[in-house]
Amino acid sequence: MPALAGGLLLTVLLWWAGASAHALHLPGATGMLNGQVAAELEHWLTPWSYHPPASATFGTEVSGGSGGAAGAAGTNYLALYTTAMQIRFGAVFAFFVPGALLLVRRLPPVHGRMPAALLAIWAWGVVAGTLAVTVSAPWLIASGGNGSFRFLPRLAGVISSGRQVLVVTALVAAALTVFIARVAAKGTGPLSHEAVPARAARLAATVGTAVIALSLVVLSYLPVAAALQQVSPNIGMFAEPGDLLRQWLLLGGWSGPGGGPLGSWLLYRAGDVLLLAVVWWVLRRLPGLLTRATVPAMAAGAVCATVLGLLASQLLRVAVDGVGSSLRWDLLHLSAGIGEGVPAALTCGLVAGAAAALTLRVAAGRAETADTTTPVEDSARLG
């Protein structure tokens with residue numbers, strides 16, 4: 001019930017947000033908000049709207065035919081756009097429920113675990129929305145009339161849209177999920193808990209964080225990222241995969257200090273340090289919070305940890321830009337980067353969680369073996 005309720009609320013909130021996009025064109029909205037703010041909000045809401053943007057054209061790239069045939073084709077492509085949105089909203093619910101169910105079962109929101117459960121389900125809601133956008137993207141691209149033209153770069157552009165609204169709505173859905181799960185957990189007995197050696201947990205967290213650091217530090221270094229960007233095998237519809245590779249592999253982008261002051265460069269790199277610190281701390285605590293540290297639970301937890309680390313680093317950069325910029329009042333402009341990197345967080349987080357779970361299992365097994373052999377060795381030494 002908590003997972004179903006949260007998934008339903010997330011879907012409804014996104015639908016409501018998308019339905020509000022066309023209202024920004026009304027004179028009352030334009031009078032209350034200035035044109036720049038209205039345009040920015042419309043850019044955020046349009047990816048979840050059943051009403052296509054005014055700049056969208058359907059089937060205009062299809063040549064030939066009479067005017068009536070062209071009009072019929074445009075209607076069909078508009079219906080394809082509607083189908084894409086139906087797939088998108090259905091996929092939000094379909095992706096959110098299994099992940100939330102796993103997190104509620106392995107990380108129940110009881111006393112002492114409420115904040116952890118809330119943050120984990122919030123992060124998973126962002127991931128579910130990103131996956132829904134990804135799944136529905138081919139239909140959305142095809143509604144333009146020529147889905148094979150630079151398909152992968154256009155796919156990368158569609159996937160990166162709609163993330164700002166998703167961050168807010170996922171938090172509301174997570175709060176409802178945790179509240180219902182907390183109410184349902186009242187009166188239950190004590191939860192099962194696995195004893196995890198502290199040394200094994202630290203080692204597992206270090207291994208998982210190293211995987212995240214590989215993407216954040218090595219792959220995101222601009223010369224390496226540029227090499228990924230230039231990957232462009234000529235394989236027809238799937239040519240030019242550079243944008244898509246970067247989106248699913250890179251958690252950021254950085255270069256050495258240039259002509260600017262070193263202090264500003266270090267301040268921006270503090271966001272990367274914060275991301276890695278959040279990931280390590282969560283992975284260190286996660287085995288003790290889970291009722292059972294299975295590979296799926298650790299993988300889901302690592303994905304959520306990476307998303308939370310990304311959001312923390314992005315909020316830090318919003319604060320830094322807000323202090324040092326003349327656009328202090330333009331919060332929407334400064335928040336445009338919120339939610340970036342979630343596809344890469346999903347990819348790297350799954351690998352990091354699996355690596356951390358395997359490391360934890362091996363290290364805990366060695367610790368148990370050492371505990372059982374030590375008394376025998378001591379008794380032999382005493383004899």
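Read-outs: derived from the displayed coordinates by stated rules, not from any lab. The structure displayed is predicted, hence computed values, not measured ones. Here the Cβ is made from the backbone with ideal geometry for all residues, glycine too, and neighbour counts use every protein chain on show.
Descriptive notes on the structure:
- The peptide list 200-209, 108-117, put in order of mean Cβ contacts within 10 Å with the highest first, becomes 200-209, 108-117.
- Highest to lowest packing among 124-132, 174-182, scored as the average C-beta count within 10 Å: 124-132, 174-182
- Modelled label positions at residue 333 and residue 229, each set 7 Å beyond Cα in the direction of Cβ, lie 2.4 nm from each other.
- Rounded FRET efficiency, nearest 0.05, which uses the C-beta distance separating residue 79 from residue 239 and R0 of 25 Å: 0.30
- Max-minus-min Cα coordinates of region 119-230 on each principal axis give 58, 35, 19 Å, with the largest extent listed first.
- Cα gyration tensor category, rounded, prolate or oblate, for region 192-375 with a/c compared to 1.5: prolate
- Taking other C-beta atoms within 10 Å as the exposure proxy, 16, 122 rank 16, 122 from fewest upward.
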